[in-house]
1. Residue check: is V314 farther than 19 Å from N211 by Cβ and at pLDDT 95 or above?
2. Filter segment 233-280 for residues that are of a type in the set (K, R), touching a helix residue (DSSP H, G or I) at 6+ places or on another chain (Cβ under 8 Å) and within 14 Å of ligand 1 (Cβ to nearest atom) and give the result.
3. Taking the residues in segment 92-113 that are open to solvent by 10 Å² or more (accessible area, probe 1.4 Å) and within 16 Å of ligand 2 (Cβ to nearest atom) as candidates, determine which candidate is nearest to G48 (Cα to Cα).
4. Restricting attention to segment 91-128, which residues are part of a loop (DSSP other than H, G, I, E, B) and hydrophobic (A, V, I, L, M, F, W, C)?
5. Which pairs turn up if I take residues in segment 94-117 that are assigned by TED's automatic domain parsing to the domain that holds L171 and among the small types (G, A, S) and look for partners that are away from ligand 3 (no atom under 16 Å from the Cβ) and not in a loop (DSSP other than H, G, I, E, B) with beta carbon separation below 8 Å, at least 6 apart in sequence or on another chain?
6. Is segment 49-69 home to any residue that is farther than 23 Å from E142 by Cβ, open to solvent by 60 Å² or more (accessible area, probe 1.4 Å) and more than 16 Å from ligand 3 (Cβ to nearest atom)?
7. Pairs please, first residue from segment 67-87 and assigned by TED's automatic domain parsing to the domain that holds P104 and part of a helix (DSSP H, G or I), second anywhere and surrounded by fewer than 19 Cβ atoms within 10 Å (Cβ to Cβ) and of a type in the set (F, W, Y), Cβ atoms under 7 Å, 6+ apart in sequence or on different chains.
8. Among the residues of segment 110-132, are any away from ligand 1 (no atom under 16 Å from the Cβ) and of a type in the set (D, E)?
Amino acid sequence: MKRISLTQYLVEEQRQNNSIPAELRLLIEVVARACKTISHAVGKGALGEVLGTASTENVQGEVQKKLDIISNEILLEANEWGGHLAAMASEEMETIHKIPNRYPKGEYLLTFDPLDGSSNIDVNVSIGTIFSVLKAPEGMTEPSEQDFLQPGTRQVAAGYAVYGPQTMLVLTTGNGVNCFTLDREMGSWVLTQRDMQIPAKTREFSINASNARHWHPPVQRYVNELLAGDTGPRGANFNMRWVASMVADVHRILNRGGIFMYPADTRDTSMPGKLRLMYEANPMAFIVEQAGGVATDGQQRILDIVPTKLHQRVPVFLGSREEVEVVTGYHKG
Ligand code: AHG
Ligand code: MN
Ligand code: MN
């Protein structure tokens with residue numbers, strides 16, 4: 001089998017479809033290289049002294065794991081000097097990180113969740129990195145938080161790496177979704193799945209059911225109907241999977257279908273759901289739509305939401321078209 005590397009894929013994509021300008025290509029390659037470094041650290045585990053908790057909290061008040069901080073540092077350092085970025089933003093940093101003056105600045109903005117699925121780090125379960133790329137607004141001189149607050153429809157690229165039994169990189173630049181597997185011996189990303197498509201129909205759902213008593217009525221109704229199985233209103237049995245790493249749950253859905261939900265609930269109305277719009281929901285929604293799926297917040301398309309805050313949270317329903325439409329319909333009805 002002829003192997004196509006990430007570099008070759010990007011160059012050919014640029015030639016054929018003109019969809020990837022040279023600076024964006026460099027950006028994607030640098031992010032992919034950083035993910036390779038993170039994958040290496042993840043793989044070392046206790047041997048690399050990367051497990052366990054740091055003594056710090058992030059801006060969301062979550063206790064940081066050592067690997068949250070290490071991964072954030074790896075992504076910042078890798079992306080600072082290339083001249084392709086104006087600024088970065090991350091789950092692990094309160095405000096934006098401008099490119100230091102000693103380096104040239106580019107026209108892109110990068111946001112990331114450096115390590116997704118933190119609760120799984122110390123138990124050797126799949127975790128990942130999620131990223132999203134925007135263009136800096138026309139005429140921007142000094143980047144500010146405001147420049148990042150663009151709807152997900154403006155993303156020019158998004159992707160995630162999943163550190164599981166294999167390390168994979170799933171990428172979209174708005175022309176379908178492709179998956180690359182890390183060849184650990186060669187240190188290269190090899191194209192292993194072209195044009196991924198989420199099956200429209202599914203019999204599998206993904207939600208943290210321990211929160212059931214807090215859910216709003218549309219989510220209660222939807223999940224109860226799934227649980228009722230073939231004697232209930234849906235007339236079919238549904239299976240449940242919850243990894244508690246969004247990357248891993250989304251990766252399964254991209255491959256064999258399913259619906260992923262992290263709804264808002266009745267506990268804290270100032271906190272609509274758990275997941276963050278800019279670096280979790282938006283990149284995943286872009287990927288899911290590019291693979292023929294749907295992503296909503298229960299009311300509207302996630303990609304249409306105009307952000308008001310860098311770390312804003314949003315309810316998430318995404319995956320196979322038919323199921324996401326059913327639960328979104330229950331919210332509207
Ligand atoms: P992070 O580790 O970046 O904070 O994200 C964790 C997220 C997401 O990956 C996952 O789907 C969800 O939180 C898990 O939530 P529960 O702890 O409620 O299962
Ligand atoms: Mn996350
Ligand atoms: Mn994270």
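1. Numbers: farther than 19 Å from N211 by Cβ: no; at pLDDT 95 or above: yes.
In short, no.
2. Step one: of segment 233-280, the residues of a type in the set (K, R) are 234, 241, 252, 256, 267, 274, 276.
Pick out the ones that are also touching a helix residue (DSSP H, G or I) at 6+ places or on another chain (Cβ under 8 Å) and you get 234, 241, 267.
If the condition is that a residue be of a type in the set (K, R), touching a helix residue (DSSP H, G or I) at 6+ places or on another chain (Cβ under 8 Å) and within 14 Å of ligand 1 (Cβ to nearest atom), then R241, R267 are the ones that fit.
3. Restricting attention to segment 92-113, the residues satisfying the condition of being open to solvent by 10 Å² or more (accessible area, probe 1.4 Å) are 92-98, 100-107.
After this cut, where a residue has to be within 16 Å of ligand 2 (Cβ to nearest atom) as well, the list is 92-93.
Numbers: E92: 21, M93: 24 Å.
It comes out as E92.
4. M93, I96, I99, V125 - these are the residues of segment 91-128 that are part of a loop (DSSP other than H, G, I, E, B) and hydrophobic (A, V, I, L, M, F, W, C).
5. That search, which allows pairs on different chains as well, returns G106/E23; G106/L27; G106/L85; G106/A86.
6. yes
7. Pairs found: E80/Y103.
8. Taking segment 110-132 and keeping what is away from ligand 1 (no atom under 16 Å from the Cβ), we get 110.
Retained after the next criterion (residues that are of a type in the set (D, E)): none.
Looking for residues that are away from ligand 1 (no atom under 16 Å from the Cβ) and of a type in the set (D, E), one finds none in segment 110-132, hence no.
The values are calculated or read from the model by the stated rules, or taken from the named source; none is laboratory data. Just so it is clear, the model here is predicted, and its values are computed rather than measured. FYI the Cβ positions are ideal-geometry reconstructions off the backbone, even for glycines, and counts take in every protein chain you see. Surface accessibility is based on the protein's heavy atoms, side chains included, excluding ligands, DNA and RNA. Shrake-Rupley method; radii C 1.70, N 1.55, O 1.52, S 1.80 Å.
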